[in-house]
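So the structure is just underneath, and the comments pick up after that.
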Amino acid sequence: MSILKGKEVVLGVTGCIAAYKAAELVRLIVKEGANVQVVMTESSKEFVSALTFQTLSGNPVITDIFRLFYEKDIGHISLAQKADILVVAPATANIIGKAAGGIADDMLSTVIMATKAPLLFAPAMNVNMWENPVVQKNIGLLRSLGHSFVEPVFGDLACGVQGKGRLAEVKSVLEEMRVVLSPNDFANKRVLVTAGPTQESLDPARYLTNPSTGKMGFAIARALKRRGADVTLVTGPTANSLPVGIKCIKVKTAEQMALAVNKCFENMDIIIKSAAVADYRPKKVSSQKIKKDGSGIVLDLEKTPDILSELGKKKGKIILVGFAAETENLLANASEKMRKKNLDMIVANDISRSDVGFGTEDNQVTIFFQDGTSESFPKMGKDEVADLLLDRILSLKSTCRE
Ligand code: CTP
């Protein structure tokens, strides 16, 4: 379940060319199960029609502070009070200045003034305006008061120049909303996550690998980041875009993954090994492409390092979480892996199913604990599985050792 589900979101839209992108943001927020109340400034109506936001949000759009209907039902105070988060996207230098200066002269600035909900600004403006010391001072002040910003990105600006000032990607704004709304319960925890497959070369054209896409590991890394952890992600080759704010180490082989993990494991509080590490690699890597000679071929394979087993031997107080990819005897195999690798818990999934696990958006897992208990969960999205897993890690007694 998305952290946004059931939340009351007030979305302020201010007057700049990026206002049309707020329509997509509304669509995505609604898709996550939140109720969105759009507040438009007078000048934003020059760029997008209120009807667009009304249609997408399913709620009347608020523009005028003095409309009696609004004041009776959803006036600025009740709107400010019921909001779980107030997002301003795009946010002009003007609205940032008003928020920092305590000016409340229209509906949006009045709601900003009256709310106790967290504020998230996604600025969009000309590069010179963005760099203006007054704007930066205002942003610094709002940040110091605990409010959040999704910084604009570099690119072509509406004024014809290039620079920093474009509204951040709408999905980055959505992700930052999730961060703002998430509990900060992994603050001060250093967590290492491994994800994806490894590739073990046979020759310059071929390698041994598995169908892992790294989606589960990336979901765990993102969930940890949202919940305040200091995250390091060691990932095999995947098509996932690297998450912002997470240290990423890209590797290809099991050997490289072992090296990367061993280099930083001592500094970690928690290690979550969701990578599907290849267990075998060709004993000899041919420097030239192996040619067909009409007959079959026998590959001579050797074991790769079992990274998790090695960590289990030296883990000390580190919480160690493994994954078990099984096609049969889930309970027996997963419990045995947990025991043999000295893990605090293991997350098992049945990879013989085509609707969950490798490459899919969903997973269906059973978590086994050291005390012999286990918990089975229904099929759910990988982001949801990630949050569940983190909740269970926090509930382990040893996680609360500080
Ligand atoms: N693992 C690892 N290094 C390996 C193989 C596996 O660190 N060379 C880790 C995985 O990241 C996972 C756990 O060990 O957290 C279990 O992996 P899995 O592939 O399910 O099992 P294996 O240990 O490889 O055993 P088997 O293939 O016999 O099921």
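Whether any residue in segment 388-398 is touching a residue at least 40 places away in the same chain (Cβ under 8 Å), in a strand (DSSP E or B) and closer than 25 Å to ASN210 by Cα is what I want to check.
Here is the first cut: in segment 388-398, the ones touching a residue at least 40 places away in the same chain (Cβ under 8 Å) are 389-390, 392-394, 396, 398.
Filter once more, so that each one left must be in a strand (DSSP E or B): none.
Within segment 388-398, not a single residue is touching a residue at least 40 places away in the same chain (Cβ under 8 Å), in a strand (DSSP E or B) and closer than 25 Å to ASN210 by Cα.
Six or more apart or on different chains, Cβ atoms under 7 Å: show the pairs whose first residue is in segment 271-284 and in the same structural domain as GLY236 (by TED's automatic domain parsing) and whose second is near the ligand (Cβ under 8 Å from one of its atoms) and among the aromatic types (Phe, Trp, Tyr).
LYS273/PHE323; SER274/PHE323
Mind checking which residues of segment 174-230 are part of a helix (DSSP H, G or I) and touching a helix residue (DSSP H, G or I) at 6+ places or on another chain (Cβ under 6 Å)?
LEU174, ARG178, VAL179, LYS215, MET216, ALA219, ILE220, ALA223, ARG226
If LEU331 satisfies all but one of (1) surrounded by fewer than 17 Cβ atoms within 10 Å (Cβ to Cβ); (2) within 16 Å of the ligand (Cβ to nearest atom); (3) under 21 Å from ALA205 (Cα atoms), what's the number of the condition it fails?
Condition (3) is where LEU331 drops out.
Within segment 1-27, how many residues turn out to be surrounded by fewer than 18 Cβ atoms within 10 Å (Cβ to Cβ) and either touching a residue at least 60 places away in the same chain (Cβ under 8 Å) or not in a loop (DSSP other than H, G, I, E, B) (or both)?
Summing the residues that are surrounded by fewer than 18 Cβ atoms within 10 Å (Cβ to Cβ) and either touching a residue at least 60 places away in the same chain (Cβ under 8 Å) or not in a loop (DSSP other than H, G, I, E, B) (or both) in segment 1-27 gives 6.
Among the listed residues GLY294, GLY214, identify the single one that is without any contact (Cβ under 8 Å) to a residue 24 or more places away in the chain and not hydroxyl-bearing (Ser, Thr, Tyr).
GLY294 is the lone residue from the list that is without any contact (Cβ under 8 Å) to a residue 24 or more places away in the chain and not hydroxyl-bearing (Ser, Thr, Tyr).
Find all pairs meeting these conditions: Cβ atoms under 6 angstrom apart; at least six residues apart or on different chains; first residue within segment 330-347 and over 16 Å from VAL365 (Cβ atoms) and of a type in the set (D, E, K, R); second residue assigned to a helix (DSSP H, G or I) and within 11 Å of the ligand (Cβ to nearest atom).
Taking only residues 6 or more apart or on different chains, the pairs are LYS341/LEU308; LYS341/SER309; LYS341/GLY312.
So if I check each of THR198, THR209, which one is surrounded by fewer than 22 Cβ atoms within 10 Å (Cβ to Cβ), outside the structural domain of VAL88 (by TED's automatic domain parsing) and polar (S, T, N, Q)? Reasoning before the result, please.
Working: THR198 fails: surrounded by fewer than 22 Cβ atoms within 10 Å (Cβ to Cβ).
Going through THR198, THR209 in turn, the sole match is THR209.
For PHE377, all conditions in the list (1) out of contact with any Phe, Trp or Tyr (no Cβ under 6 Å at 6 or more places or on another chain); (2) of a type outside the set (Asp, Glu); (3) under 24 Å from PRO211 (Cα atoms); (4) within 13 Å of the ligand (Cβ to nearest atom) hold save one; what is the number of the exception?
The one condition PHE377 does not meet is (4).
Name the residue that is farthest from the ligand (Cβ to nearest atom), counting only residues in segment 268-286 that are of a type in the set (D, E, K, R) and either within 30 Å of ILE297 (Cα to Cα) or buried (at least 21 other Cβ atoms within 10 Å of the Cβ) (or both).
The qualifying residue farthest from the ligand (Cβ to nearest atom) is LYS284.
Before we move on, is VAL261 touching a residue at least 60 places away in the same chain (Cβ under 8 Å), away from the ligand (no atom under 16 Å from the Cβ) and β-branched (Val, Ile, Thr)?
Taking the combined requirement at face value, the residue does not satisfy it.
The values are calculated or read from the model by the stated rules, or taken from the named source; none is laboratory data. Bear in mind that the values here come from a model prediction, so they are computed numbers and not experimental data. Reconstructed Cβ throughout: ideal geometry from the backbone, glycine too, with neighbour counts over all protein chains shown.
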